[in-house]
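What follows is one structure encoded as structure tokens, with my remarks underneath.
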Amino acid sequence: MICNTGDIACVRKGGTCQHILNRCNKYQRGLCNGGWTRQCCINNNPGDTACIEKGLKCQQISNGCNQYQSGLCSGGWTRRCCFNTASTSCSAAVKSVACRIKYLSKISLLKRNPSGVIDGADPYSNIRDACAGRKVKRSSYTCSQGKAPGGTTCLDLKVLQYIYYLGTTSRYRVQVNAIAGACHSRRSKHYAGKAVHLQLFGSKATRRAQEKAFRAACSKRGGWSHGGTHVHCQIV
Ligand SMILES: [Zn+2]
């Protein structure tokens, strides 16, 4: 039943309008009434959650994959969770710093993209995969700036060292909102694992001081940054 005619664009695409805190594999903005926290869930496939939460992907077994695990995906026995063992090619240094970040309690890592999309490309999943020596996932959804390319990338050592440095030295809270995941402009350094978004906290004055400190640390490491709603730092 459609109670809300403002949701018709979403319903026509076969989606459901819901609060973004509900689990969904793919949210699309601008199709629902009720502000940005209510978005259209296009491809809600709860049966795939066990696979997606491992940072992996459900696919037909006729598609190439080095190793499948059964029982983690919806859609019958021909659709399984792909462990791509070929993507274990990132450096030992990246792996080591990623593990240090993973176990540093001062650093919090979001477990979903800031958009609400859950796709295994959030900061927690990125760090977990990098710590396992794997390439990390990028998102593949669209946003006003463009479309995230999907696929995987190694995280870059310099940006990880920057995050770790903040976590061990800064007096401000360190919350990572995005690294390789989420949707950004077309040639964003995020997609190469060379940029990070950090949350700002507290009063306007506190946020301004935190922004200044995080941006200064970024510059000191040869990076480029911008502030605003969050700090973006890229080191290339
Ligand atoms: Zn950014």
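A short reminder: the numbers here are calculations on the coordinates, not readings from a lab. Note that this is a predicted model, so its numbers are computed, not measured. A quick note on method: Cβ atoms are made from the backbone with ideal geometry, for glycine too, and the neighbour counts reach across all protein chains shown.
Find, among the trypsin sites (Lys or Arg not before Pro) in segment 186-234, those assigned to loop by DSSP (not H, G, I, E, B) with at most 15 other beta-carbon atoms within 10 angstrom.
Those that pass, being in a loop and sparsely packed, are Arg186, Arg187, Arg221.
Could you list Ile163, Ile20 so that the one with the fewest beta carbons within 10 Å of its beta carbon is first and the one with the most is last?
Working: Ile163 25, Ile20 20.
Fewest-to-most Cβ neighbours within 10 Å comes out as Ile20, Ile163.
Which lysines have a Cα lying under 16 Å from the Cα of Lys147, excluding residues fewer than 8 positions away in the same chain?
Leaving aside lysines fewer than 8 places away in the same chain, those within reach of Lys147 are Lys26, Lys137, Lys189.
Taking other Cβ within 10 Å of each residue's Cβ, how do Tyr165, Tyr141 sort, fewest first? Each step should come with its number before you reach the end.
On the way: Tyr165 16, Tyr141 22.
Ordered by Cβ neighbours within 10 Å, fewest first: Tyr165, Tyr141.
Kindly put Val174, Val196, Val136 in sequence by how many other C-beta atoms sit within 10 Å of each C-beta, fewest to most.
Val174, Val136, Val196
Sort out for me the Cα centre separation of segment 5-37 from segment 103-177, rounded to whole Å.
25
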